[in-house]
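Asks: Dumping the structure here so I can ask a few things about it.
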Protein chains: 2
Amino acid sequence: MSRTTIHDIAKELNTSPSTVSKALNDHPSISAATKELIRTAAQNLNYRQNRLASSLRSGRTNIIGIVIPSSDIGFFGGVVHGIEKLARSNGYNMLLFQSHETGEYEVEGIETLLQTSVDGIIVSIAKDSPNLDHFYDVKKRKVPLILFDRVKEELNSPSVVIDDYKGAYMATEHLIQQGYSRIAHISGPQHVKIFNDRLCGYVDALKANNLPVDDDLIQYGRNSIESGRQSAERLLARNKDMDAIFAAVDFTALGALQYLKEAGIKMPEQIGMIGFGNESFSPYVTPSLSTIDQQPARMGEEAFTLFLEAMAQKSAGSTDVDILEAPKKIVLEPVLIVRESSVRKPQS
Amino acid sequence: MSRTTIHDIAKELNTSPSTVSKALNDHPSISAATKELIRTAAQNLNYRQNRLASSLRSGRTNIIGIVIPSSDIGFFGGVVHGIEKLARSNGYNMLLFQSHETGEYEVEGIETLLQTSVDGIIVSIAKDSPNLDHFYDVKKRKVPLILFDRVKEELNSPSVVIDDYKGAYMATEHLIQQGYSRIAHISGPQHVKIFNDRLCGYVDALKANNLPVDDDLIQYGRNSIESGRQSAERLLARNKDMDAIFAAVDFTALGALQYLKEAGIKMPEQIGMIGFGNESFSPYVTPSLSTIDQQPARMGEEAFTLFLEAMAQKSAGSTDVDILEAPKKIVLEPVLIVRESSVRKPQS
DNA sequence: TTGAAAGCGCTAACAC
DNA sequence: GTGTTAGCGCTTTCAA
């Protein structure tokens with residue numbers, strides 16, 4: 001009636017549970033013959049390992065915990081996809097938590113992950129994460145902690161990010177090369193590092209091309225479509241000569257796009273537009289949105305690889321390696337994606 | 001150094017592990033005073049429950065397994081969101097698997113879920129799921145199985161779906177009311193029930209309005225944007241008088257939209273368009289896409305509620321209830337969302 | 001190459 | 001109201 005155990009198999013074959021366990025785990029000390037015998041018996045009896053028991057005993061769950069702001073955001077969906085692919089082929093499963101950008105849920109997620117004894121945790125930190133205590137907790141428990149995209153240097157953990165500064169620089173320079181010169185920027189909350197980096201990239205690209213940096217051309221929004229609309233409205237009201245917008249996220253770019261379209265402004269002719277993030281809707285809006293791709297799948301794969309390395313180090317028994325060597329930081333190259341919104345037609 | 005256990009707390013307070021366990025679980029037979037004592041001690045010692053041990057002993061994991069085709073599809077993302085909200089507030093966590101529409105991954109996911117002793121499993125079946133053995137396995141183990149959207153009657157499990165027939169009927173009738181009469185349909189694989197239902201709804205709406213059903217106006221695609229483009233191309237080549245398209249999924253609607261736009265056809269004036277699914281991109285394409293909303297979050301909540309009911313029944317000890325009463329089937333109402341692509345301007 | 005024994009950390013009868 | 005005992009199903013020394 002109830003689940004078959006290794007005891008049942010042992011009884012059936014007049015052998016011992018420990019032998020069965022070893023055989024099923026392909027332990028070298030068991031003869032090929034008995035392995036075969038035990039495996040077929042397991043099959044016949046419909047045996048399925050109890051991972052709870054196995055994990056409790058061995059101390060390994062083969063589960064990796066993921067905490068992201070939201071899987072609705074295309075970028076995070078892509079990262080999870082990348083992690084999943086590698087995890088699956090390495091025999092790991094994922095336990096996924098969404099913080100919904102609130103610290104409270106983030107803490108809750110980390111707590112549950114720790115209770116579940118996951119083998120490692122991969123995180124992109126929530127925007128309003130109140131403090132980092134829960135992450136220090138993870139480190140105290142010696143559970144490998146890997147960060148991506150939304151990183152905190154203080155945590156001193158392996159991490160993978162893209163070069164936000166460079167991406168913003170590329171986006172801005174692309175607009176300049178297309179002949180735009182009064183280029184506005186819609187940024188995000190400045191306490192989030194990536195937005196500050198993108199702002200710097202924008203500013204430096206202007207300077208490098210001998211264009212003035214004008215505070216009136218810079219808006220600080222939240223990351224919503226609505227916020228993008230409002231920013232575009234304000235920018236337009238204040239700058240009659242504005243001829244392009246670089247938005248720090250595709251969502252605000254979309255909002256701006258909508259507003260300008262409704263205002264009867266032709267893109268890319270009158271105003272050029274480029275976003276950041278290559279969201280799933282970006283190819284399908286009109287005009288299709290130029291943007292910076294962050295290579296999410298790649299980022300996920302790198303993050304998982306970092307985790308694997310941390311595990312290897314851990315089982316190599318090296319105590320407190322982190323004191324000896326700085327944690328690995330992987331910086332991915334952003335990729336410029338040119339679509340309709342930023343390609344100025346040849347002047348007539 | 002290593003994790004604090006209830007033994008450590010017991011030792012600290014000169015009491016027994018079982019008392020500590022009961023106190024921490026708020027068992028009624030423990031006095032308020034000792035509970036308080038134990039709780040603060042737990043806090044001080046930085047105690048964290050080992051869920052593996054707890055689950056192994058109690059037989060409950062408080063984890064619910066989810067298997068969906070892909071969380072990239074907006075609809076499934078929404079359902080997961082709905083499940084998560086309710087699960088969280090009921091003390092459950094989710095273990096999420098994506099089948100990527102392949103039976104192999106689906107089987108693998110179910111297998112792992114069973115090994116992990118999840119308390120229940122909520123599934124939307126993959127398109128090419130080869131057979132249903134893995135689901136019968138779940139039922140055999142008496143693990144509550146809940147289906148949503150992609151359902152199989154044979155499994156005789158509680159389920160929640162929307163009324164696909166009705167949604168398709170509403171979509172088609174909406175086009176008719178807008179004055180379109182040569183309405184094409186881009187369907188999907190007919191062995192998937194929802195596509196067949198939608199096709200029937202389309203056909204019946206035409207008939208009910210005394211419009212002929214023309215095989216030349218029906219295409220059977222896959223669910224990709226590319227497939228939508230091809231379908232639109234074929235439809236247009238074969239039917240010069242076609243004046244509207246109802247696509248069984250937003251993805252094919254989008255493909256058709258792109259093709260028609262490139263062909264210089266004005267929507268909604270020359271050809272009206274409506275999709276199904278209310279994907280995240282649908283409001284942002286040009287023209288914005290009318291569609292049928294499937295209430296994904298609602299569906300997720302209903303599915304989890306069904307799971308809770310199944311658990312209650314199970315613990316009520318009713319052996320083989322399923323023989324006594326038919327499994328509950330919840331049918332959600334589709335919602336018509338009218339946007340630009342289907343609203344015919346007043347004739348000039 | 002196989003088996004016996006111990007125990008991972010917890011919960012749940014049952015006795016006190 | 002509290003403590004004793006047993007054991008969930010597995011892995012892992014260690015001895016044979």
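Asks: Can you tell me, using C-alpha contacts under 8 Å and at least 6 residues apart, the relative contact order of segment A:61-213 as a whole percent?
Replies: So the answer I get is 19 percent.
Asks: Right, next: Can you give the average number of partner chain beta-carbon atoms within 10 Å of each beta-carbon in peptide A:279-285, as a whole number?
Replies: Per-residue shielding by partner chains comes out at 5.
Asks: What residues have an amide H closer than 5 Å to that of A:Ile330, excluding those fewer than 5 places away on the same chain, when H is modeled at 1.01 Å from N in the peptide plane?
Replies: A:Ser159, A:Val160, A:Val161
Asks: Give me the distance in nm between label points sitting 7 Å out from Cα along the Cα-to-Cβ direction at B:Glu262 and B:Tyr220, one decimal.
Replies: 2.6
Asks: Of the trypsin sites (Lys or Arg not before Pro) in segment A:257-303, which ones lie in a loop per DSSP and count no more than 12 other C-beta atoms within 10 Å?
Replies: Passing sites in segment A:257-303 are A:Lys266.
Asks: So what are the ³J(HN,Hα) numbers for segment B:287-300, from phi and the Karplus equation (6.51, -1.76, 1.60; θ = phi - 60°), rounded to whole Hz, Gly and Pro as x?
Replies: Values per residue, Gly and Pro as x: x, 4, 8, 5, 6, 10, 8, 9, 6, x, 4, 3, 4, x Hz.
Asks: Another question, then. Give me the distance in nm between label points sitting 7 Å out from Cα along the Cα-to-Cβ direction at A:Asn210 and B:Glu154, one decimal.
Replies: The two pseudo-label positions are separated by 7.5 nm.
Asks: Next question. If you line up the long axis of helix B:193-208 against the longest principal axis of chain B, both from Cα atoms, how many degrees apart are they, to the nearest 10?
Replies: The angle comes out near 40 degrees.
Asks: Just to check I understand the Karplus step: with θ = phi - 60° and J = 6.51 cos²θ - 1.76 cosθ + 1.60, what whole-Hz values come out for segment B:160-169, glycine and proline as x?
Replies: Once rounded to whole Hz, the list reads 9, 9, 9, 7, 5, 4, 5, x, 5, 4.
Asks: Moving to a separate point now. For label points placed 7 Å from Cα toward Cβ, what is the shortest-first list of nm distances from A:Gln43 to its copies?
Replies: Label point to label point, same position, other copies: 5.7 nm.
Asks: If you count, for each residue, the other Cβ atoms within 10 Å and average over each peptide, how do A:168-178, B:129-139 line up from highest to lowest?
Replies: With the highest mean Cβ count within 10 Å placed first, the list reads A:168-178, B:129-139.
Asks: Right, something else. For the protein assembly as shown, give the share of DSSP beta bridges that are antiparallel, in percent and rounded to the nearest 5; count only bridges with both residues there.
Replies: Expressed as a percentage, antiparallel bridges in the protein assembly as shown total about 10.
Asks: Please compute the contact order of chain A in relative form: average sequence separation of alpha-carbon pairs under 8 Å and at least six residues apart, divided by the residue count, as a percent.
Replies: 16
Asks: Measuring nothing but label to label, 7 Å from Cα along Cα→Cβ, what are A:Pro28's distances to the other copies in nm, shortest first?
Replies: 5.8
Asks: Straight distance only, please: which lysines reach the Cα of A:Lys193 with their own Cα at less than 24 Å, same-chain residues fewer than 8 apart left out?
Replies: A:Lys127, A:Lys139, A:Lys152, A:Lys166, A:Lys207, A:Lys328, A:Lys329
Asks: Simple spin-label model, 7 Å along Cα-to-Cβ: A:Arg238 to B:Leu336 in nm?
Replies: 4.5
Asks: Rounded to the nearest 100 Å², what is the buried accessible area between A and B, both sides summed, probe 1.4 Å?
Replies: Interface area, both chains combined: 4200 Å², rounded to the nearest 100.
Asks: Ignoring ligands, DNA and RNA, what accessible area per residue does chain B give at 1.4 Å, in Å²?
Replies: Per-residue accessible area for chain B comes out at 44 Å².
Asks: State the percentage of accessible surface on chain B attributable to carbon and sulfur atoms; use a 1.4 Å probe and exclude ligands, DNA and RNA.
Replies: 52
Asks: Using θ = phi - 60° and the Karplus form 6.51 cos²θ - 1.76 cosθ + 1.60, what ³J(HN,Hα) does each residue of segment A:142-148 get, whole Hz, x for Gly and Pro?
Replies: Residue by residue, segment A:142-148 yields 6, 8, x, 10, 10, 10, 9 Hz.
Asks: Right, another one. Mind checking the mean number of beta-carbon atoms from other chains within 10 Å of the Cβ atoms in A:165-174?
Replies: Whole-number average of other-chain Cβ neighbours for A:165-174 is 0.
Asks: Moving to a separate point now. Can you give me the C-alpha center-to-center distance between segment A:169-209 and segment A:12-70, rounded to a whole angstrom?
Replies: Between the Cα centres of segment A:169-209 and segment A:12-70 lies a distance of 55 Å.
Asks: Please average, across the residues of A:59-68, the number of beta carbons from any other chain that are within 10 Å of each residue's own beta carbon, and give a whole number.
Replies: 1
Asks: Something else about it: Ordering B:Arg229, B:Arg222, A:Arg150 from largest to smallest accessible area (1.4 angstrom probe), what's the sequence?
Replies: Of B:Arg229, B:Arg222, A:Arg150, the descending order of accessible area is B:Arg222, B:Arg229, A:Arg150.
Asks: How would you classify the protein assembly as shown from its alpha-carbon gyration tensor, with a ≥ b ≥ c the square roots of the eigenvalues: rounded for a/c under 1.5, else prolate if a/b is greater than b/c, otherwise oblate?
Replies: Note, shape of the protein assembly as shown comes out oblate.
Asks: List the distances, in nm and shortest first, from the label point of A:Asn131 to the matching label points in every other copy, placing each point 7 Å from Cα along the Cα-to-Cβ direction.
Replies: So the distances to the same position in the other copies read 5.9 nm.
Asks: Continuing with this model, one more query. Explain nothing, just the number: relative contact order of segment B:209-276, from Cα pairs under 8 Å at least 6 residues apart, as a whole percent.
Replies: Relative contact order here is 34 percent.
The values are calculated or read from the model by the stated rules, or taken from the named source; none is laboratory data. The structure displayed is predicted, hence computed values, not measured ones. Using ideal geometry, Cβ is built from the backbone for each residue, glycine included, and neighbour counts are taken over all protein chains shown. Note: areas computed on protein heavy atoms with side chains; ligands, DNA, RNA excluded. Shrake-Rupley method; radii C 1.70, N 1.55, O 1.52, S 1.80 Å.
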